[in-house]
Structure formats: C-alpha cells, structure tokens
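> Would you mind keeping the following structure in view while I ask a few things?
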Amino acid sequence: MTPFIAELIGTMLLILLGDGVVANVLLNDTKGNNSGWMVITTAWGLAVFVGVTVAGPYSGAHLNPAVTIGLAIAGKFAWANVLPYIAAQLIGAGMGAFLVWVMYRDHFNRDNDPGAMLAIFCTGPAIRNYLSNITSEIIGAFVLVFTVFYITGAEITPTKTPVGLGSVGAVPVAFLVWVIGLSLGGTTGYAINPARDLAPRIIHALVPIKGKGGSDWSYSWVPVVGPVIGAAIAAFIYLHFQ
C-alpha cells in the first residue's frame, strides 16, 4: 500500500459511500427514497470516516486536493507530492462515482428528474449566484482545512507521550464534515473538495443514463476554485498565528 494507492482507494470509498447515499435518497424506488438531508449529511460524515480509516496510516488520508494544497502551503506537506496526491484523488473519485452508477443502474434507468440524477454525482447551487456560491465553498473549505490544522492526537500528560488511537483517530474529521454539511451545506451542497465534484461530474457525462440532462459545466469551476481558495486562506491564517 503506497501513499498513491491509499489516496486512490480512500477517495474511492469516500465517493462510493457519499454519492451512494445521495442515490439512495434521490432515485425512485430505492429503499431510502426521500429520507432527507439528515441521512445524506450523516452518511457523508461516515464516508469520510471510512476513507480516513483506510488511507490514514499510509498517506495521511487527505482525500481532497484542497486539503493537500492547504497542508503544502502551511509547510506540513511536500510540494513535490501534491500532484501525485491530487491525481490519485481524482482517479479514486471517478472510480467511486462509477461504482455508484453500477450499484444503482436499474434505479437510474427509472423515470427520474435529470437534476436529481446530476446531484448524485456532483453539487449544484440552491440559488445560482456565482459570487454567493463560490463564497459558500470558500467558507466551507476554510472551516474544513483550518480545523484539520488543529486536530491533534491523544497524549499522556504531562510527558506528552503520544497514544495511538487506531481507527478512532478518524472520528474528529468525520464529525467535522458532518457539521459542515448540516450547517453550511444548504447553499451549494458543500462540495468542499474539488475531486469529489469534478471527477464524478465527468463520470456523469460519460455513463449512459436514461433521460439524463447535461452535466452543468458552467458551474463546475465553483466547487474546484472555491475550496482551493478556502484552503489557502486557512493555511495563511494558520501560519500567521503560529
């Protein structure tokens, strides 16, 4: 298990379970149809837990280009590894989205709203206002990355001896993503992760789905640029207060 493979698999699991819950809630005739926002945000938080649990010991479980870039700006990650990590995250996200389509293919081929089918793969604004939309993504990603800087491992005081928490160490970031979704997700669907949005959007454009609409490429830059700006702001503020 190399860091590249860990990021790929971790991100694949994140998107499989994250986009999977959206499919379960939005597609017709599923067991979870119309179960609501609480189900979606909770499962996304738990999806983060799964991805971090698998990838954490090998790559640090960034699973998000914005996190990778933010850590690099803050001097906590080597710039030489940024592009390989982002490549792994994009490939993994695309694989996860493809598996969601495979899993729910029969339901995709029922009569579904094209907008709902797109929402399974990628985010979109509740109200289309690009300035407000990118501001939402900047704020959400800022909260994510800034808080990640301050997540610490357990230790025995006063000797400050580190205590390994194993998979339990993935819990804080899962709760973080959960609360971002509950509190800040109503405007744009809280992409807060360029790979989470861009790669599945490409999969939506490629796979055959009955009655699907366009992939809304005019909006696609918002969940890519916004999280990167938010992560950079978080890194600069973190450095200022170090």
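> Tell me, in nm to one decimal, what length is gained between Asp111 and Tyr150 on full extension, where the rule is 0.36 nm per residue of separation less the Cα-Cα distance?
This chain segment gains 9.4 nm when fully extended.
> Taking the chain as a Gaussian network, Cα atoms linked when under 10 Å apart, which of Asn33, Asn193, Asn133 shows the biggest mean-square fluctuation?
Sorting by GNM fluctuation, first place goes to Asn33.
> Net charge near Asp29, counting Lys/Arg +1 and Asp/Glu -1 over other residues with Cβ under 12 Å of its Cβ?
It works out to a net charge of 0.
> Keeping every protein chain present and rolling a 1.4 Å probe, give me the accessible area per residue for the chain in Å².
46 Å²
> So what is the calculated 222 nm ellipticity per residue for the chain, using -39500 (n - 2.57) for each DSSP H run with n of 4 or more, over all residues, to the nearest 500 deg cm²/dmol?
The per-residue figure over the chain is -21500 deg cm²/dmol.
> Report the label-to-label distance for Trp79 and Thr2 in nanometres (one decimal), using points 7 Å from each Cα along the Cα→Cβ vector.
The answer from the label model is 2.3 nm.
> Okay, moving on. How far is helix 82-103 tilted off the main Cα axis of the chain, in degrees rounded to 10, range 0 to 90?
The two axes meet at around 40 degrees.
> With springs only between Cα atoms under 10 Å apart, run a GNM on the chain and tell me which of Tyr85, Tyr190, Tyr219 wobbles the most.
Highest fluctuation of the listed residues: Tyr219.
> Another one. Is any residue of segment 198-222 close enough, with backbone N under 13 Å, to a label point placed 7 angstrom from the Cα of Tyr130 along the Cα-Cβ axis, and if so, which?
Counting only backbone N, you get 217-222.
> Helix 171-184 versus the longest principal axis of the chain: what angle, 0 to 90°, nearest 10, using Cα atoms?
The helix 171-184 is inclined about 50 degrees to the chain.
> Using a 1.4 Å probe over the heavy atoms of the protein chains, calculate the carbon and sulfur portion of the accessible area of the chain as a whole percent.
69 percent
> Oh, and also: Rank these by accessible area, largest first, 1.4 Å probe: Met103, Met38.
The most accessible residue leads, giving Met103, Met38.
> I've got another one for you. What does the net charge come to around Thr187 if you take all other residues with beta carbon closer than 12 Å to its beta carbon, with K and R at +1 and D and E at -1?
On the way: positive: Arg128; negative: Glu137.
It works out to a net charge of 0.
The values are calculated or read from the model by the stated rules, or taken from the named source; none is laboratory data. Quick caveat: nothing in here was measured; it's all calculated off a predicted structure. Every residue, glycine as well, gets a Cβ built from its backbone with ideal geometry; the counts of neighbours run over all protein chains shown. Heavy atoms of the whole protein, side chains included, go into the accessibility calculation; ligands, DNA and RNA do not. Shrake-Rupley method; radii C 1.70, N 1.55, O 1.52, S 1.80 Å.
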